[in-house]
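The values are calculated or read from the model by the stated rules, or taken from the named source; none is laboratory data. Model, not experiment: these values are computed from the prediction. We place every Cβ from the backbone using ideal geometry, glycine too, and count neighbours over all the protein chains shown.
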Amino acid sequence: MDERDKLAISALQHFRFCKRQFALIHIEQLWAENRLTAEGRLLHEKTDVPAEHVFAGTKIVRAMPLTSECLGIYGVADTVEIFPDGTPFPVEYKHGKPNPHGSDEIQLCAQALCLGEMTGKRVPAGALFYGKTHRRKNIEITETLREETLRLISEARDLREHGETPRAAYAPEKCNNCSLRELCLPEYGSESEKLERAWQKRLAAD
């Protein structure tokens, strides 16, 4: 697959979180930063310097480039711990705290799929480290998670190829902290949809 056609692993996190956010960033090439994205960028600057060392028999690789020719995805793992038997264990760093929408787990699973293809080893687990809690959350890479990740890869690629940005749908728990809020204007999109539904209902009544 041509490198230009590959999908960034980080884009899958955007897609799982909000399809409109994904389209604004990866189709319309828009971006804006807020406090949360700035904190995340600063955290990753500490882990994005390539390095390797061995601790207690485990090789630890920072900023490891990842790719999957079969799935057409690529990215960089913050840290990969490689156990003595060669099994890789990806660790992704997040500046916040665990979220309920599962986008972090999808990103981690995509890294595991790349590592599996690159090393020939099945990756059974990984971890998410959250800056707010200063705790590592171990994640089992289950068949269900793998299937969900593969489905999202396919859907995200289809949306990107189709090239149409989904309409806004205001969801306070997501939109209020999104750095693209001023570009997306989700409240206006939702309000216009309400007016359209009300108009259609009125026409049907007449």
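Here are a few things to note about the model shown:
- Set Ser179, Ser103: member being among the hydroxyl-bearing types (Ser, Thr, Tyr), surrounded by 16 or more Cβ atoms within 10 Å (Cβ to Cβ) and either closer than 15 Å to Val80 by Cα or at pLDDT 90 or above (or both): Ser103
- Residue under evaluation Gly131, criteria (1) under 17 Å from Ala8 (Cα atoms); (2) surrounded by fewer than 21 Cβ atoms within 10 Å (Cβ to Cβ); (3) in contact with a Leu (Cβ under 7 Å, 6 or more places away or on another chain), criterion not met: (1)
- Residue match in the range 139-149 (condition: at pLDDT 95 or above, in the same structural domain as Pro98 (by TED's automatic domain parsing), of a type outside the set (Val, Ile, Thr) and assigned to a strand (DSSP E or B)): yes
- Of the residues making up the range 104-156, those that are closer than 22 Å to Pro65 by Cα, among the charged types (D, E, K, R) and in contact with an Asp or Glu (Cβ under 9 Å, 6 or more places away or on another chain) are Asp104, Glu105, Glu117, Lys121.
- Which numbered condition Asp206 fails, given (1) out of contact with any Phe, Trp or Tyr (no Cβ under 8 Å at 6 or more places or on another chain); (2) modelled with pLDDT of 80 or more; (3) not β-branched (Val, Ile, Thr): (2)
- Residues that are over 19 Å from Ile153 (Cα atoms), within 14 Å of the chain's Cα centre (by Cα) and not in a strand (DSSP E or B) within the range 99-133 comprise Asn99, Pro100, listed in sequence order.
- Being at pLDDT 90 or above and exposed (fewer than 10 other Cβ atoms within 10 Å of the Cβ) is a property that Glu173 lacks.
- The listed residue being surrounded by fewer than 19 Cβ atoms within 10 Å (Cβ to Cβ) and assigned to a strand (DSSP E or B), out of Pro65, Pro90: Pro65
- Filtered residue count, the range 1-31, keeping only those that are more than 12 Å from Arg160 (Cβ to Cβ), part of a loop (DSSP other than H, G, I, E, B) and among the β-branched types (Val, Ile, Thr): 0
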